[in-house]
Amino acid sequence: MNFAGLVGNGNQVGVVDGFGNRAWVFGDGNVAQVSGLFTAASTFGSGSSVSTGGYVNFAGLVGNGNQVGVVDGFGNRAWAFGDDNVAQVGGLLTAASTFGSGNSVSTGGYVNFAGLVGNGNQVGVVDGFGNRAWVFGDDNVADVVGVVTRALTLGSGNSTGAGGTVNFTGILGNNNQAGAIDGIGNGAWVFGDNNAAHAGGGYFNAATVLGNYNSPVGVGANGTGSVARTNIANFATVVGNHNSTVTVGANGNDAVANTNIGTFATVLGSNNGMVTAGADGSGAVANANVGTIATVLGNNNSGVQASVAGQTNIATVATVLGDNNGGCWPVLMATSISPR
């Protein structure tokens, strides 16, 4: 049952080979290290490095230019409050949180959490079950993988992604990218300007963008080689102006079989680019589109396609309501209304 504490400058603290270890450092330029079972490490100052080992671990820093490592564990936690910090945790019930600028935080394990409030931050939540990543600030990157994963960022210039099963990724801000991939019940939400949203893979996928100057908003998965893609009840919705590409379905190349059931793309706005519900097909590709719908309400829209390349399309509809619209490529029924 060990303890080591320092108050001062340029100090090093090592608590090793233990059971119930603790190390406290208050000062500048400090290094603290603990290992063992009930380990904890905390430092208050600048230019410090702290790390813990073992099982029921804690590591916390309040200061500037700090590094925090919580490794090899069960029930690990790492807190950093300051600037230019790096926090890392591994293990089972892991959590990492930092408040400041220029921070990087990552967690491993199973029931994970990683959160940042600041600027220029990176968040990684990896290898997991029930992972969560929250970012509040500017120029952030958030990444989660696993089962029941979530990623949320509020700010500008952000990129967020979620993998796995029962996924969510959402961005509220400007110049953002959001991706929810490889899953069941994935969704990607973007509220802002100059955004890109993508929900890939699996079944009940949705991508929604409310804003301006948004780049591709896509639901589905691209397929190359001998990959079979199945998309069920996917939809992409854009409400805004000057959007380029809205796509629901999956591209198919080579020996790819793509299936899209009940997918539809909807755009409400002006000066929108391509609006496509269905799937491209080439080579020995079998694409089936059932009940796919592409709808545009707005002005000066270019392409509207409710199926592509002569595959199997059942009751798909392409509808345009507006002025100066481009193409309308129906399978069963098409409507193009340009009021004067």
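Please treat every number below as a calculation from the coordinates, not as lab data. Bear in mind that the values here come from a model prediction, so they are computed numbers and not experimental data. All Cβ positions, glycine included, derive from the backbone under ideal geometry; neighbour counts span all protein chains shown.
Points to keep in mind about this one:
- Theoretical gain in end-to-end length, Ile232 to Asn119 [0.36 nm per residue, Cα-Cα removed]: 36.9 nm
- The overall shape of region 44-144, judged from the alpha-carbon gyration tensor, is oblate: a/c is not under 1.5, and a/b is no greater than b/c.
- In nm, spacing of pseudo-spin labels at Asn212 and Leu37 (7 Å Cα→C-beta vector): 6.2 nm
- Region 104-218 shape via C-alpha gyration tensor axes, a/c threshold 1.5: oblate
- Using the Cβ of Ala180 as centre and a radius below 13 Å, the other residues enclosed give a net charge of -1, where K and R count +1 and D and E count -1.
- Projected label distance in nm at Tyr203 and Phe3, using a 7 Å step from Cα toward the beta-carbon: 5.6 nm
- Net charge of Cβ neighbours under 14 Å - reference Val50; Lys, Arg +1; Asp, Glu -1: +1
- In plain terms, the residue of His198, His242 with the fewest other Cβ atoms within 10 Å comes first and the most crowded comes last, giving His242, His198.
- Ile293, Ile184 arranged by Cβ crowding within 10 Å, fewest neighbours leading: Ile184, Ile293
- Its Cα centre serving as origin, region 96-242 has a Cβ charge dipole (Lys and Arg +1, Asp and Glu -1) of approximately 260 debye.
- Cβ-defined net charge surrounding Gly108, 14 Å radius [Lys, Arg +1; Asp, Glu -1]: -1
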